[in-house]
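The values are calculated or read from the model by the stated rules, or taken from the named source; none is laboratory data. Just so it is clear, the structure is predicted and the values come from calculations on it, not from any experiment. Cβ placement follows ideal geometry from the backbone for every residue including glycine, while neighbour counts extend to all protein chains displayed.
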Amino acid sequence: MTPGVQRFQKRTLQIMLAVAVGLLLWGKLRMFFDGVSYEDARAAFATMRSPSAILAGLIRAEPVALLCAGIAVLVITPFVRLVVLTVDFFVQRDWMYVAMSAVVGVIVLFSFLLRLH
Amino acid sequence: MLIETNPVAFMLIALVGSAAAGCLGALVGLGGGILVTPMLVLLCGIDMHIAMGSSLLAVIATSSGAAAGRSRDSLSNYRVGMFLEIAATVGAICGALMAALVDPAWLQLFFGCLLILTAILTWRQREDAVTRTLPVNRLAKKLHLDSSYETRSGPVRYHIQRPAGGFGVMLGAGMVSGLLGIGSGVLKVLAMDSLMRMPFRVSTTTSNFMIGLTALASVGVYTAQGFVDPMVAAPVLVGIVPGAMLGARLVTVLHVRALRTIFLVALIAIAVQMLIKGGKGIVPS
């Protein structure tokens with residue numbers, strides 16, 4: 001990986017991790033100070049089955065939506081690494097590894113699409 | 001469950017325990033995720049499947065955290081990582097689908113066995129072997145897997161051996177990862193180091209990149225099965241990220257060899273606890 005790409009990846013991951021931990025901490029503290037019980041949180045979580053539902057909750061700063069958003073940001077980080085690496089292979093014109101990275105990306109996306117069924 | 005009866009105690013245990021797991025894991029070269037499941041199951045009474053879901057998220061956090069904390073990465077062999085990840089991610093999806101069908105008590109038994117295996121493999125961990133004298137493998141050459149890494153005495157070139165064998169082992173490692181909700185970094189390092197004859201440090205850094213992607217493939221299935229609980233995972237993730245970063249810094253200061261011995265003894269003690277708990281679940285007294 002070229003040094004420039006490495007720096008870009010490092011900075012992006014640092015920002016994403018900070019955002020993820022910040023959202024998780026904020027959500028957990030809100031749960032604590034608002035007196036939201038585990039049962040209430042489970043019930044709220046059951047309603048958050050789509051990105052739009054999480055986004056709507058996030059706008060209202062609902063504790064469970066904050067936690068879901070924090071986890072979503074964290075979960076995206078390995079995918080970001082994969083995309084950065086694919087671009088790096090692309091810049092190097094290493095088509096075999098561009099294809100392999102795309103295959104890995106499709107497999108990972110497939111695991112999330114299983115959710116729809 | 002402690003999270004229902006005493007949420008404050010749960011939060012403190014999960015936060016401090018995960019920070020310690022992340023720190024210790026980084027010090028001895030493990031992801032730290034492997035300690036999260038026993039902590040949640042044994043100390044907090046969390047369901048095994050939910051604990052495994054949280055552990056997978058912890059694996060992603062430590063993998064990305066290590067990449068974010070590393071100043072320069074001249075060791076990772078991303079071509080090997082990408083080639084092997086095709087098998088590992090497929091294995092992870094299969095393992096994660098199987099996890100839903102297996103009784104939690106059996107999962108605890110498998111997990112206990114895996115902890116003992118991890119302790120043995122970590123104990124046997126060796127330093128870099130010189131691999132440049134090894135012959136060129138035809139498939140590895142076709143796939144451009146051979147590479148080099150920088151040392152104080154200049155670059156060291158290495159030739160990858162048995163890439164097809166490594167691909168097969170990675171399918172199994174991915175399956176274990178999905179089945180037990182771990183990164184299975186130890187198995188990955190073992191395959192790359194012993195089978196493919198990659199230098200040890202190259203294997204560990206490449207494995208660190210791989211575990212995040214493998215865990216991500218499993219998380220998709222775990223989420224669909226309802227095994228990801230944000231309320232349980234949140235304090236674990238808040239604790240493990242700074243813990244892993246602290247461990248990565250302390251590794252240059254502390255006497256790691258003595259610490260590793262203590263850690264491995266603790267790992268076996270945890271394994272025994274898991275085996276007892278799993279055994280009780282299968283054969284109720």
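Can you tell me how many residues in the stretch B:59-81 are of a type outside the set (Gly, Ala, Ser), within 20 Å of A:Gly4 (Cβ to Cβ) and crowded, with 24+ Cβ neighbours inside 10 Å?
Result for the stretch B:59-81: 1.
Filtering B:Leu187, B:Leu213, B:Leu171 for residues that are touching a residue at least 12 places away in the same chain (Cβ under 8 Å) and either charged (D, E, K, R) or more than 14 Å from chain A (Cβ to nearest Cβ) (or both) leaves a single hit, B:Leu187. Among the residues making up the stretch A:93-117, a single one is more than 7 Å from chain B (Cβ to nearest Cβ) and in contact (Cβ under 8 Å) with a residue 24 or more places away in the chain: A:Gly105.
Only one entry in A:Pro78, A:Pro3 is facing chain B (nearest Cβ under 9 Å), exposed (fewer than 15 other Cβ atoms within 10 Å of the Cβ) and within 22 Å of B:Thr205 (Cα to Cα), namely A:Pro3.
The single residue among B:Leu114, B:Leu107 that is modelled with pLDDT under 90, in contact with a Gly (Cβ under 9 Å, 6 or more places away or on another chain), among the hydrophobic types (A, V, I, L, M, F, W, C) and farther than 16 Å from B:Leu246 by Cβ turns out to be B:Leu107.
Residues in the stretch B:195-210 that are among the hydrophobic types (A, V, I, L, M, F, W, C) and either assigned to a helix (DSSP H, G or I) or within 13 Å of chain A (Cβ to nearest Cβ) (or both): B:Leu195, B:Phe200, B:Val202, B:Phe209, B:Met210. For the stretch B:229-246, state whether one or more residues are at pLDDT below 90 and more than 18 Å from A:Met16 (Cα to Cα). Yes, the stretch B:229-246 contains a residue that is at pLDDT below 90 and more than 18 Å from A:Met16 (Cα to Cα). Looking at this structure, is B:Ala87 in contact with a Phe, Trp or Tyr (Cβ under 6 Å, 6 or more places away or on another chain), within 12 Å of chain A (Cβ to nearest Cβ) and aliphatic (A, V, I, L, M)? Yes: the conditions hold for B:Ala87. Conditions first: (1) more than 16 Å from B:Met274 (Cα to Cα); (2) more than 15 Å from the chain's Cα centre (by Cα); (3) more than 10 Å from chain A (Cβ to nearest Cβ). B:Cys23 passes all but one, so which condition is the exception? The single condition B:Cys23 does not satisfy is (2). If you filter the stretch A:21-52 down to residues that are in contact (Cβ under 8 Å) with a residue 24 or more places away in the chain and more than 7 Å from chain B (Cβ to nearest Cβ), you find that the one that is surrounded by the fewest Cβ atoms within 10 Å (Cβ to Cβ) is A:Asp34.
Listed here are the residues, each with its yes/no results for (1) touching a helix residue (DSSP H, G or I) at 6+ places or on another chain (Cβ under 6 Å); (2) modelled with pLDDT of 95 or more.
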position: B:Ile46; (1), (2): yes, no
position: B:Val59; (1), (2): yes, no
position: B:Thr62; (1), (2): yes, no
position: B:Ser71; (1), (2): no, no
position: B:Asn77; (1), (2): yes, no
position: B:Ala87; (1), (2): yes, yes
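Does B:Ala258 qualify as being of a type outside the set (Asp, Glu), assigned to a helix (DSSP H, G or I) and modelled with pLDDT under 80? Yes.
Is it true that A:Thr86 is polar (S, T, N, Q), closer than 15 Å to A:Ile15 by Cβ and assigned to a helix (DSSP H, G or I)? Judged against the criteria, A:Thr86 is not a match.
B:Met98 passes every criterion in (1) more than 10 Å from chain A (Cβ to nearest Cβ); (2) in contact with a Leu (Cβ under 7 Å, 6 or more places away or on another chain); (3) surrounded by fewer than 23 Cβ atoms within 10 Å (Cβ to Cβ); (4) within 14 Å of B:Ala215 (Cα to Cα) apart from (4).
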